[in-house]
There are 2 protein chains.
Amino acid sequence: MTEDAEAARHREKMQKRKAVQDAEVAGKTVEKGLLMVHTGAGKGKSTAAFGLALRMLGRGRQVGVVQFIKGAWSTGERGPLEAMPGLEWHSMGEGFTWETQDRERDVAAARRAWEKALELMGRPGLGLLVLDELCIALRYDYLPVEEVVAALVARPHGLHVVVTGRNAPPALMEAADLVTEMKLVKHHFAAGVKAQEGIEF
Amino acid sequence: MTEDAEAARHREKMQKRKAVQDAEVAGKTVEKGLLMVHTGAGKGKSTAAFGLALRMLGRGRQVGVVQFIKGAWSTGERGPLEAMPGLEWHSMGEGFTWETQDRERDVAAARRAWEKALELMGRPGLGLLVLDELCIALRYDYLPVEEVVAALVARPHGLHVVVTGRNAPPALMEAADLVTEMKLVKHHFAAGVKAQEGIEF
């Protein structure tokens, strides 16, 4: 096949691809606040949620963050995000459950975080609410799944919510508009590499 | 079981969990720049990469971004990231391949983007390099996989690189330290919801 013929075939294929793409875009007309879940054993669940926060802030919208587990230590993204107008950040967790070793304390911390989440959900003008590691609190039964899912489903029409954490409960995934599983294919920890600043925290 | 007994059992379980966790952390001593790949059909590949960029910038490190495909339109995160000191952003793509419909032009754009990536890899002091949608350029054979993987493997010791895009080639995953597949479990586009500002762009 000559170069011209190859170029023409490529153009034809891409024209068809574009027609399909345009039709798909035209068929999507609904605008609504989404309930998004980032789950799975891989990396990127919280990182992508904070990336969304950044994107939303970049559009001039307001963003709330509630951290259910983490928060006892600092992560690199918190400083720059908090420096941006429109962000409200609440770290309500006391670290991983194996650090506190006190179930009652963990349950109380999760409850306080959830109350804060409910308060932010009622905040007029909020564009995105990040509920970081809420799945962990649900998994350990620190909060009742039914209560949490019912409140998330009843969120204001335009509010986007992203929930992160491993082991998202089935009822939450059922209620969600978007579920992404961050799947661990290969991890450097297995090769003895430690958690490094700017990457893991 | 009484509440006290339950609390004691929880504490004991978490003490064991913490011992395992601490031993795992102690066993990891290697520090090195990682080659990370975000692939799969789900959302969050680029978003998590930009979240990493934010984290690294928050640690006061320098970050380079090269966009291989996207770049013809603006995304919400670009403005706030570019406003931070230490970021250098190059959008070298001309949009999706079905928009340009010109293979030669796409190959030339990918080559220019790759030259820019090589230049940034040689930049002293760079902490993280984001090669956004490089997998797409590799998938369409706009760039030879062997050449790209060889250069990535030969990167400076301390430099972290994250490569995004669907259909990461096997040779790239083989060379990577971390591979995460963003797996689509459920997507709102299927329910007729359109791409919305602050979420998809």
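General observations
- Within the set B:R123, B:R112, the sole residue that is away from chain A (no Cβ under 13 Å), part of a loop (DSSP other than H, G, I, E, B) and either more than 30 Å from A:R17 (Cβ to Cβ) or over 14 Å from the mean Cα position of the chain (by Cα) (or both) turns out to be B:R123.
- Considering the stretch B:1-97, there are no qualifying strands (runs of 3 or more DSSP E) wholly inside with 3 or more residues that are within 8 Å of another protein chain (Cβ to nearest Cβ) and in contact with a Gly (Cβ under 8 Å, 6 or more places away or on another chain).
- On inspection, B:R103 fails the criterion of being of a type outside the set (A, V, I, L, M, F, W, C) and either within 19 Å of the chain's Cα centre (by Cα) or surrounded by fewer than 21 Cβ atoms within 10 Å (Cβ to Cβ) (or both).
- Some residue of the stretch A:98-109 being facing chain B (nearest Cβ under 9 Å), among the aromatic types (F, W, Y), farther than 26 Å from B:G60 by Cα and in contact (Cβ under 8 Å) with a residue 12 or more places away in the chain: no
- Sole exception among (1) touching a His at 6+ places or on another chain (Cβ under 9 Å); (2) on the phi > 0 side of the Ramachandran plot; (3) surrounded by fewer than 24 Cβ atoms within 10 Å (Cβ to Cβ); (4) not hydroxyl-bearing (S, T, Y) for B:L34, by number: (2)
Read-outs: derived from the displayed coordinates by stated rules, not from any lab. This structure is a prediction, so every number in the text was calculated from the model and none was measured. So basically every Cβ, Gly included, is an ideal-geometry build from the backbone, and we count neighbours across all protein chains shown.
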